[in-house]
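The values are calculated or read from the model by the stated rules, or taken from the named source; none is laboratory data. What you see is a predicted model, and the numbers here were worked out from it, not measured in a lab. Neighbour counts are summed over all protein chains in view; Cβ atoms, including those assigned to glycine, are modelled from backbone coordinates with ideal geometry.
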Amino acid sequence: MRRKKEVAEVEKGPALASGLVARQHTAMAILTQRSFRSARARSDGATGADLSEAHIKPGLSQLGRSAHTRKHAFLSLTVRARALSDLNAPLISRYGALTSLDCSDNALTTLAPLSSLPCLVALNASRNILTLALDFVAPTTCEATPSNCGDLCVGSCLARADLSKNRIVGFHGTVADDHPRLTALNLDENVLTSLDALARHPTLSTLSVRGNSIVSTVPLAGLPLRTLNLDDNNVSQPLLLETLDKLMVLSLPRNGLTDLGTLGSCRTLQRLDVSENYISGLRSVELIGDLSRLAVLDLRGNPCCGTEDVLTPNYRERVIARMPQIVSLDGEIVTEKHKISYTNACEFPGCDLPSRKKTWAANVTEEAWSDYHPPIVELDDDPQTDCCPATARIGGGGLWAQETPYIPNLP
């Protein structure tokens with residue numbers, strides 16, 4: 001009997017699995033349809049629905065205790081892709097214990113109703129039509145519901161906010177005053193031109209403003225940032241970034257950089273992406289050569305790397321010889337063999353040429369020393385001469401002593 005039951009369960013397995021897959025596909029189809037309706041409402045400017053109990057009840061999750069009353073309550077709410085145009089302040093205020101809210105992919109124009117959520121820690125309001133970032137007054141606790149720390153006015157608890165893909169042109173007040181506990185902020189793909197409202201923020205460690213029109217990084221001076229994403233902006237001189245003494249990841253592709261001089265004092269950098277800019281001199285890399293913690297560097301798409309018509313001979317060799325601390329260049333792994341070979345080729349400090357000469361003299365007396373791996377000799381210190389037409393040839397001990405660039409013998 002037990003055997004028959006096991007066989008029946010095994011036969012039933014594929015049917016249950018197919019039923020689960022079918023339910024997952026159905027759920028994804030429903031979510032996709034809702035997202036399409038919300039996107040159409042945003043693009044057409046149509047008036048969406050107000051938040052209602054019918055939206056809230058299915059989206060509640062994570063049962064826990066309220067930080068103020070210590071009573072059981074739902075702590076998370078998801079109302080994504082519901083074509084909402086208003087969060088209905090009187091209704092959402094009944095759920096003051098919420099710590100997480102996902103209202104992305106709707107047609108919201110303001111977040112003012114969130115003033116009634118004093119415990120809110122995580123917010124996702126991406127893909128709406130907001131014009132001001134964090135435009136709600138910092139909520140405060142009242143005497144009837146003091147916080148655990150005993151302070152009757154703790155202010156905003158917001159720590160993480162995703163406001164990407166909106167129409168944000170500015171901020172509501174000063175973020176350091178309204179949301180002093182904010183640690184991560186995503187403002188990708190908006191229309192910001194300034195970051196002045198973020199000045200002097202005490203806790204902001206992750207900031208992403210990809211796809212805006214930011215020109216100056218001066219307002220970020222002194223912030224405790226660890227990760228900064230400035231892709232696709234108009235930054236030509238990233239000033240005062242050396243004051244970010246905790247910055248580890250910096251991303252600046254597709255801006256207006258012409259050299260790396262202003263980044264040479266960012267001592268804590270570990271990853272640097274400056275691809276697709278206007279850096280023309282390969283020796284500009286020397287300006288960041290003292291960044292001992294830098295492990296990942298991306299220079300792709302800059303004039304110093306060369307193109308199909310204009311070549312930069314020995315590009316990787318020259319960069320790696322100047323920066324032996326990196327482990328990845330332009331997305332390719334840099335091995336210890338590469339570092340040793342390229343350092344020898346460029347005859348930079350640390351090369352083994354003196355040692356090879358000494359060994360040769362001690363063991364081969366019948367033949368004069370001859371270097372079968374001629375070094376790379378650079379023309380001069382002018383960065384504009386680093387590139388030349390592909391058909392050109394410079395001889396006489398110049399940068400190329402052969403028809404083709406020197407390529408070290410690697411296994």
* Residues in the stretch 43-60 that are at pLDDT below 95 and part of a strand (DSSP E or B): how many? -> 2
* Asked: How about the stretch 296-316: which of its residues are within 23 Å of residue 271 (Cβ to Cβ) and either outside any loop (DSSP other than H, G, I, E, B) or within 19 Å of the chain's Cα centre (by Cα) (or both)?
  -> 296, 297, 298, 299, 300, 301, 303, 304, 305, 315, 316
* Would the stretch 69-83 turn up any residue that is touching a residue at least 40 places away in the same chain (Cβ under 8 Å) and surrounded by fewer than 18 Cβ atoms within 10 Å (Cβ to Cβ)? -> yes
* Structure fact -> Of the residues in the stretch 189-203, those that are within 14 Å of residue 161 (Cβ to Cβ) and loosely packed, with under 15 Cβ neighbours inside 10 Å come to 203
* To do: Please go through the stretch 284-304 and pick out each residue that is crowded, with 19+ Cβ neighbours inside 10 Å and of a type outside the set (A, V, I, L, M).
  => 284, 298, 302, 303, 304
* Asked: Within the stretch 240-273, which residues are in contact with a Phe, Trp or Tyr (Cβ under 8 Å, 6 or more places away or on another chain) and among the β-branched types (Val, Ile, Thr)?
  -> 258
* Structure fact -> Subset of the stretch 59-68, residues surrounded by 12 or more Cβ atoms within 10 Å (Cβ to Cβ), farther than 11 Å from residue 99 by Cβ and aliphatic (A, V, I, L, M), comes to 60
* Asked: Out of the stretch 275-288, which residues are among the aliphatic types (A, V, I, L, M) and not in a loop (DSSP other than H, G, I, E, B)?
  -> 282, 285, 287, 288
* Structure fact -> When restricted to 283, 267, the only residue free of Cβ contacts under 8 Å to residues at least 40 places away in the same chain and over 21 Å from residue 210 (Cα atoms) is 267
* Select from the stretch 286-339 the residues that are more than 23 Å from residue 232 (Cβ to Cβ) and of a type in the set (Gly, Ala, Ser) and list them in ascending order. => 289, 292, 295, 306, 321
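A quick yes/no check of all residues on (1) of a type in the set (A, V, I, L, M, F, W, C); (2) assigned to a helix (DSSP H, G or I); (3) modelled with pLDDT of 70 or more; (4) surrounded by 11 or more Cβ atoms within 10 Å (Cβ to Cβ):
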site	(1), (2), (3), (4)
338	no, yes, yes, yes
342	no, yes, yes, yes
350	no, no, no, yes
354	no, yes, yes, no
357	no, yes, yes, yes
361	yes, yes, yes, yes
368	yes, no, yes, no
